[in-house]
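Rule-based calculations on the coordinates, nothing more; no lab input. Because the structure is predicted, anything quoted here is derived from the model rather than measured. Cβ atoms come from the backbone with ideal geometry, glycine included; neighbour counts cover every protein chain shown.
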Amino acid sequence: MKNKFAPARLQKSETVDERIEFAVKFSHERLELLRRGDWLNLREDLNRLIGIDDNGAPMASFAGFHALPDKKTGSFTQAEDSEIFALQKDVRSLLEGFVGGHWIPLNDGDRTVKWRPIETPIAGRLVVTRIMDDDGKNFPFVIFIGALRDSVLMILSSLLATNASGAIDRCPECQTPFYRTGKRVFCAPDCMNRAMVRRKRAGKSKPRKGAK
Ligand SMILES: [Zn+2]
């Protein structure tokens, strides 16, 4: 039987958009359907998401903000499946805060804006420094030191602080945070079909664009 299920993969180029898209897909990936090879790929991609190699060392090619897991932690290559299941829940919850929750007014000088203050506890340390090479050139090196779970949440948060995160939306049908490509309104064809059927029954036509 051919498996139609295509797990999320993070490609080699690792742009901010690709890393966010991967994290969002991971958050609602059906992990119970992954085969052994998929799990190996997922571990590799989670390492890549936070900028480390299989041994937990920072990837040289990776500019910007890195995670550096605690020595005793290692990388996702050594992580238990259960740790990745738990991580998925935390990533999902973080993203739900990002696209869901209740809007609360926040006074910001002359105007009132709205926000969704959902807190996510993490533990760790930061090293904010520069690295100097032999030629005297230096570049910023900011690392987060902590557990794998906290590393992912910290790095993902820094990615979400960029404009690239505008593509994350909440599916109006199942409320799942998803990464919007093109004009998609729903997270998956299943959700679109369900919404269409219900609206047909209710005597309405097409789903409203951008429904929240
Ligand atoms: Zn959906």
Review point. Which residue fluctuates the most in the chain, going by a Gaussian network model with Cα springs under 10 Å, if the choices are Leu42, Leu34, Leu94?
Key: Leu34
Exercise for review: Please work out the Kirkwood hydrodynamic radius for the chain, using every pair of different C-alpha atoms, and report it in angstroms with one decimal place.
Suggested key: 19.1
Practice item. Using 0.36 nm per residue of separation minus the Cα-Cα distance, give me the extension gain between Arg116 and Ile131 in nm, one decimal. Key: 1.7 nm
Revision key, fill the gap. Relative contact order of the stretch 99-152 (C-alpha contacts under 8 Å, at least 6 apart) in percent is 25
Review point. Once phi is turned into ³J(HN,Hα) by the Karplus curve 6.51 cos²θ - 1.76 cosθ + 1.60 with θ = phi - 60°, what whole-Hz value does each residue of the stretch 171-176 show in order, with x for glycine and proline?
Key: 5, x, 8, 10, 6, 5
Check your understanding: What order, most packed first, do the peptides 152-159, 165-172, 52-59 have when packing is the mean number of other Cβ atoms within 10 Å of each residue?
Key -> 152-159, 165-172, 52-59
Review point. Out of residues 5 or more away from Leu68 or on other chains, whose amide H comes under 5 Å of its own, with H placed 1.01 Å from N in the peptide plane?
Key: Phe144, Ile145, Gly146
Revision key, fill the gap. Inter-part gap, Cα centre of the stretch 65-95 to Cα centre of the stretch 175-193, in whole angstrom, is 26
Check your understanding: Per the helix-only calculation at 222 nm, which mean residue ellipticity applies to the chain, given -39500 (n - 2.57) for every DSSP H run of n ≥ 4 and division by its residues, nearest 500 deg cm²/dmol?
Key -> -11000 deg cm²/dmol
Exercise for review: Taking 7 Å along the Cα-to-C-beta vector as the label spot, tell me the Thr181-Lys89 distance in nanometres, rounded to one decimal.
Suggested key: 3.0
**Study point:** Relative contact order (%) - criterion: Cα under 8 Å, at least six apart; region: the chain
**Key:** 19
Check your understanding: Which value, in debye to the nearest 20, describes the size of the charge dipole of the chain about its Cα centre when Lys and Arg Cβ atoms bear +1, Asp and Glu Cβ atoms bear -1, and nothing else is charged?
Key -> 1800
Practice item. Along Cα→Cβ, 7 Å out, is where each label goes; now give me the distance between the ones at Lys200 and Arg36 in nm to one decimal. Key: 4.4
Check your understanding: Roughly speaking, what is the stretch gain from Thr77 to Asn55, that is 0.36 nm per residue apart minus the C-alpha to C-alpha distance, in nm to one decimal?
Key -> 7.1 nm
